Amino acid sequence: MTRILGSSAVMVAFATAMLGMVLAVAGTRLRRPELVRGAYAAVYVNFGLLAVASLAMVWALVTHDFSVSYVAQVGSRATPTFYTVISLWGALEGSILFWGLVLSGFSAVAVWLGTHAREDRRGDGADVHRLMPYAAAILLGIGAFFYLLLVLPANPFLPVSPVPADGPGPNPLLQNHILMAVHPPLLYLGYVGMSVPFAFAMGALLSGAPGGTWIRLTRRWTMAAWMFLTAAIIAGMWWSYEVLGWGGYWAWDPVENASFLPWLTATAFLHSAMVEERRGMLRVWNLSLITSTFALTILGTFLTRSGILSSVHAFAEGEIGYWFLGFIALVLIFSLSLVAGRSDQLHTAGRLDAVASRETAFLLNNLLFTVFTFTVLLGTLFPLVAEAVRGVKVSVGEPFFNSMTLPICMALLFLMGVGPALPWRVASRDALRREVALPAALAVVVGIATAVLFGGGVYAVVTFTFGTFALAVNVRQFTSGAKARMRAHGEAAPVALVRLVGGNRRRYGGYLAHIGAITVAVAVAASSAYKGETEATLRRGETMSLRGHTIRLDDLWGRQEPQRFVLGATVTVLRDGAPAGEMDPRLNFYTTSEQPITTPAVRSRPSGDLYLNLMAVERDGSSATIRMIVEPLVPWIWAGGYLIVLGALISMWPARRREAAPATVFAPAPPLVPGSAAARPLAIADPDTRGART
Amino acid sequence: MSTRGRRAGIAVAAAVILGTFAYLVYGGIGENLVYFLTPQELAARGDRAYDVPLRLGGQVEPGSVVWNAQAVDLKFRITDGAHSVAVHSSGAPPQMFRDGIGVVVEGRYHRPGVFESTSVMVKHSNEYRAPKEGEKPAEMYRSLQTDAGT
C-alpha cells in the first residue's frame, strides 16, 4: 500500500513536470497567462507529490515494511529509529528521492517568490515576471529528470518477493554519528539549491531579459545555496574527523572534491556577480560560472552515486551513471548554445578603469578560483580517465593537490586582505597605504614570531602572515566604520556596530564571511603543520605522553547494544600526575560489517584537540594499542565555518521593505544599475527563442 | 590604452598564467600518480617499482604475520598467488587484520625488497558480509563484557 502510494506519487510528479514545462513555454509564446499559471500550479503540485512519496518512504522505513525494495536494502529491526529515519538518504534510491523533495521544495519557493515579486524601486518586477515562466520550465525540466530516475533506474518503491523478515540495516559508517543527520541534508540543500540560480540564468536568456535583474535574483539564491554547501562541507569534515579515526578532516578524496568543486565556482560567482551589478561587466563569464556550478553539482552526484569511485562515500553502484552523464551533456549543450545564441545581448557595458581597483581584485579572485577548480577537477577525474584509456589503476596523491592548491590558497588569503582595502574604479596610492600599513606591519610581526617560535614550514608561516594581514583589514572595516558612527551620531560602541552592519548587510556580511574563511585557513595550517602523533600498546595502568599530554589506560570493556557490540577503553588524562579528565575511545562492531567502526575520543580546548583512537585490543583484554594525536586549533575550523555561515545569513537577509526613506543608506557608492539596463529592455520585449532551442 | 588593446593585454596575460599553470599541473600530476599494483605487477615493473609512492593490494599470506605490540611493529607478506611481497609497517594493524584477508597498503617499495607501508587498510567491500563464526566480536571479547546491554 505504502509502496503503491509512493511510486504513483513519483510517477504523477514526472508527468506533471513534463506537462508543466509544455504549459510554461506554450503559455509564454502564445501569450496565454492561464497556461503559465497552470505551469506554476504544476510546480506546487510536484512539491506536494514528492512530500507524499518521501513521507511514504519514511513510514515504510519506520514500520519495517520489507516489501519495499529500499527498506529491504537499508532497513533493519535492530537499528534505532533515529538512524532508520535518516537512512532515507543513506543509499542511492533514497537519496535521489530526497533530492527530488528538496528540488521540488526549492522550485515552489522560487516560483512563489518570483510571482509575488513587487515592483520595487529598481523596476525589477516586470523583468522577473517575464523570466519566471522560463525559469519554472527549467526547474520542472530538472525535476522531470530526477523523477524519471525514481521511476526507472533508481526506483526505491520496487516490490520485494518473498518479503524478508529483517534487513541488513544502513551502512555502519552512516549510523555511527549524529552528524550523519546533518551533513547530507545540508549538502543536498546546497547542491540542489544551485539549480535555482541556473534556472534564473537560463530563464533570463530564454526570455531575452539578461539585464540587471537576473544577477540580483541569482546572487541571493546562490548565496543561500552556497551557505548550505559551506555548512555541509564543514560538517562533512567534522564527521570525517569524528568517525574515521585518522585524526584528519580532509584528504582530497574524490567525494570531498565533488562537494568542493561547485563551492569553488559558486564562490567565484558571488564575487564576480558584484562586478556585474556595479559595473555591468563580466556577463557571459557570470553565466558560465553559474552553469558550471550547476553542472558540477550533477557531476558530483554522478561521481558519488554511480559507484565509479571506490572510496568511503561511494557506496552505491548501478546503471545510473549513464543517466547522469547524459544529463550533464544535455545541460552543457543546452546552456552553451543558449549563451551563444544570445551573445548579441550579452556584450558588456563597463570597462576596467585602473589596475589598482576592487574590480581587479575580483578579476584575480576569479582567475584563482577558476584555476583552483580546474586543478581539483583534473586531479579528481584523472584516475577515471587513466583507467578507462590505459587500463591502469592509479590515484592522484595528496601531494599533488597540496602542492598545486596551497599557493592558490595563499594568494586568495592575500587577496582577502587587499580586496576590501581597495575602492571601486581607482585607488589612490595614499588611501591604499593608509588602509594596509597597519595590517601589513602587524602581519610581518606575527609572521616573524611564528617562524622563530614554531617554525613549521613555509606554508604555515605564510598562512599566519597573510592570515593576520587579511584578518586585520577585514576587522578594521568594522572598527573604523563603527568609530565613524560613534563620532557622527554619538552612539555607544555596540549600537554603532549593530547599526553599521544593519545599514549595509551585504558588505559587512561579506567581511564576516572573510573573517570566517581566514579563521579556517589559519586553523587548518596550524593543525597540519604542528600536528603530533604517536602510537603505543598499553597495559592497564600504563601511561603514554605526547607534547605535554599524558594519558593512562585504566580499563577495557565490552557492551552489547541492539545493533552493535561496543568495545571501549577508559583512559584518564593526567595533568602533573593528577587526573584531569576521562576519555573513552571505542570500536563498534556492527552485525553486518566485517570491520569495526571507530569512535575516537576528542578532548577540545580553544588551543587545540587531544585525539585518541583505539586501534586494537588484545583478545584477553590485557592491553590495547592507542593512537594519540595532538592537533592545535582544530576547534577553530568549525568555529570559522559557523562564522562563514553567519556572514552569509547576514548578507542575504532581506532588507525591510517598509523603510522606504532610508533606502538610500543601502546604496552609498556609485549607482548599482549598470548603465545599459534601463535603455535595453523594451527592444527585446518579444521573446524569440528560435535560435536558442536545442 | 584603447579598450581593444587593454582587452588583448588582459587576454594574453590570462593565457600566459593559465598556460604556466597547466604546465605545472601536468608535471605535478605525473609526479604524484600513485599506481595501484598487485605483487605480480610490482615484480613486473622491475627497477621502476622502487622508491615511488605505490599502493599494493592482495591477501595477507597465511602464517606470515609478525606483530610486536610493545614495539608497535608489524611485518607480514602480501600475496596474489603468483608473487608475494614483504611488508613492514610501524603502526597497529586494523582490528580485523588476519591471515588471508584482502588488504591494501600504501607506501614505497625499497631496495632490499621490503615494502615500507604508511597505512594498512583492510580491503573495503561494498557488500556487507556478516562475520563468520569465530570472528564475532561478542565472542572474541566475551571476557571483557560487563553487562548484557540495554
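The values are calculated or read from the model by the stated rules, or taken from the named source; none is laboratory data. Not measured: the values here are computed from a predicted model. Every residue, glycine among them, receives a Cβ derived from its backbone with ideal geometry; neighbour counts consider all protein chains shown.
Being closer than 22 Å to A:Leu270 by Cα and modelled with pLDDT under 90 is a description that applies to A:Gly503.
Would you check which residues across the range A:577-593 are free of Cβ contacts under 8 Å to residues at least 60 places away in the same chain, buried (at least 19 other Cβ atoms within 10 Å of the Cβ) and in a loop (DSSP other than H, G, I, E, B) and list them? I'd like the intermediate steps shown before the answer.
Of all residues in the range A:577-593, those free of Cβ contacts under 8 Å to residues at least 60 places away in the same chain come to A:577-587, A:589.
Narrowing further to those that are buried (at least 19 other Cβ atoms within 10 Å of the Cβ): A:585-587, A:589.
A:Pro585, the sole residue that qualifies.
Scanning the range A:599-622 for residues that are among the polar types (S, T, N, Q) and surrounded by fewer than 19 Cβ atoms within 10 Å (Cβ to Cβ), we see that the one that is nearest to the other protein chains (Cβ to nearest Cβ) is A:Ser622. When A:Leu415, A:Leu378 are checked against the criterion of being more than 10 Å from chain B (Cβ to nearest Cβ), without any contact (Cβ under 8 Å) to a residue 60 or more places away in the chain and crowded, with 18+ Cβ neighbours inside 10 Å, A:Leu415 stands alone in meeting it. Within the option set A:Glu561, A:Glu533, being in contact (Cβ under 8 Å) with a residue 24 or more places away in the chain, surrounded by fewer than 17 Cβ atoms within 10 Å (Cβ to Cβ) and within 12 Å of another protein chain (Cβ to nearest Cβ) holds for one residue only, A:Glu533. Candidates A:Phe400, A:Phe369: the one that is in a helix (DSSP H, G or I), within 11 Å of chain B (Cβ to nearest Cβ) and of a type outside the set (Val, Ile, Thr) is A:Phe400. The residue pairs whose first member lies in the range B:1-24 and is at the interface with chain A (Cβ under 7 Å from one of its Cβ atoms) and under 18 Å from A:Ala354 (Cβ atoms), whose second member is part of a helix (DSSP H, G or I) and at pLDDT below 70, and whose beta carbons are closer than 7 Å, counting only pairs six or more residues apart or on different chains, do not exist in this structure. Of all positions in the range A:500-508, none carries a residue that is farther than 20 Å from A:Thr479 by Cβ and among the hydrophobic types (A, V, I, L, M, F, W, C).
Matching residues to (1) crowded, with 18+ Cβ neighbours inside 10 Å; (2) at pLDDT below 85; (3) within 14 Å of chain A (Cβ to nearest Cβ):
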position	(1), (2), (3)
B:Asn32	yes, yes, yes
B:Ala69	yes, yes, yes
B:Asp73	no, no, yes
B:Thr79	yes, no, no
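When each of A:Gly38, A:Gly48 is tested for being touching a helix residue (DSSP H, G or I) at 6+ places or on another chain (Cβ under 6 Å), assigned to a helix (DSSP H, G or I) and of a type outside the set (Val, Ile, Thr), the lone residue that passes is A:Gly38. Which is surrounded by 24 or more Cβ atoms within 10 Å (Cβ to Cβ), modelled with pLDDT under 95 and out of contact with any Asp or Glu (no Cβ under 9 Å at 6 or more places or on another chain), of A:Pro168, A:Pro210, A:Pro262, A:Pro172? Matching residue, one of A:Pro168, A:Pro210, A:Pro262, A:Pro172: A:Pro210. Cβ-Cβ distances below 6 Å connect no pair with a first residue in the range A:34-54 that is closer than 17 Å to A:Leu139 by Cα and touching a residue at least 24 places away in the same chain (Cβ under 8 Å), a second residue that is among the basic types (Lys, Arg) and part of a helix (DSSP H, G or I), and a separation of six or more residues or different chains. Any residue in the range A:337-356 that is in contact with a Leu (Cβ under 7 Å, 6 or more places away or on another chain), at the interface with another protein chain (Cβ under 10 Å from one of its Cβ atoms), crowded, with 18+ Cβ neighbours inside 10 Å and among the aliphatic types (A, V, I, L, M)? No.
Going by what's in this entry, would B:Arg48 be described as charged (D, E, K, R), in a loop (DSSP other than H, G, I, E, B) and within 14 Å of chain A (Cβ to nearest Cβ)? Considered against the rule, which asks whether it is charged (D, E, K, R), in a loop (DSSP other than H, G, I, E, B) and within 14 Å of chain A (Cβ to nearest Cβ), B:Arg48 comes out as no.
Yes/no per residue for (1) closer than 30 Å to A:Phe372 by Cβ; (2) away from every other protein chain (no Cβ under 12 Å); (3) among the aromatic types (Phe, Trp, Tyr):
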position: B:Ala44; (1), (2), (3): no, yes, no
position: B:Val60; (1), (2), (3): no, yes, no
position: B:Val66; (1), (2), (3): no, yes, no
position: B:Val87; (1), (2), (3): no, yes, no
position: B:Phe97; (1), (2), (3): no, no, yes
position: B:Val103; (1), (2), (3): no, no, no
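Is it the case, given these coordinates, that A:Val426 is modelled with pLDDT under 85, farther than 23 Å from A:Thr468 by Cβ, assigned to a helix (DSSP H, G or I) and of a type in the set (A, V, I, L, M, F, W, C)? Before you say what the answer is, go through the steps one by one.
On the way: modelled with pLDDT under 85: yes; farther than 23 Å from A:Thr468 by Cβ: yes; assigned to a helix (DSSP H, G or I): no; of a type in the set (A, V, I, L, M, F, W, C): yes.
Taking the combined requirement at face value, the residue does not satisfy it.
Being in a helix (DSSP H, G or I) and over 29 Å from the mean Cα position of the chain (by Cα) is true of A:Ala60.
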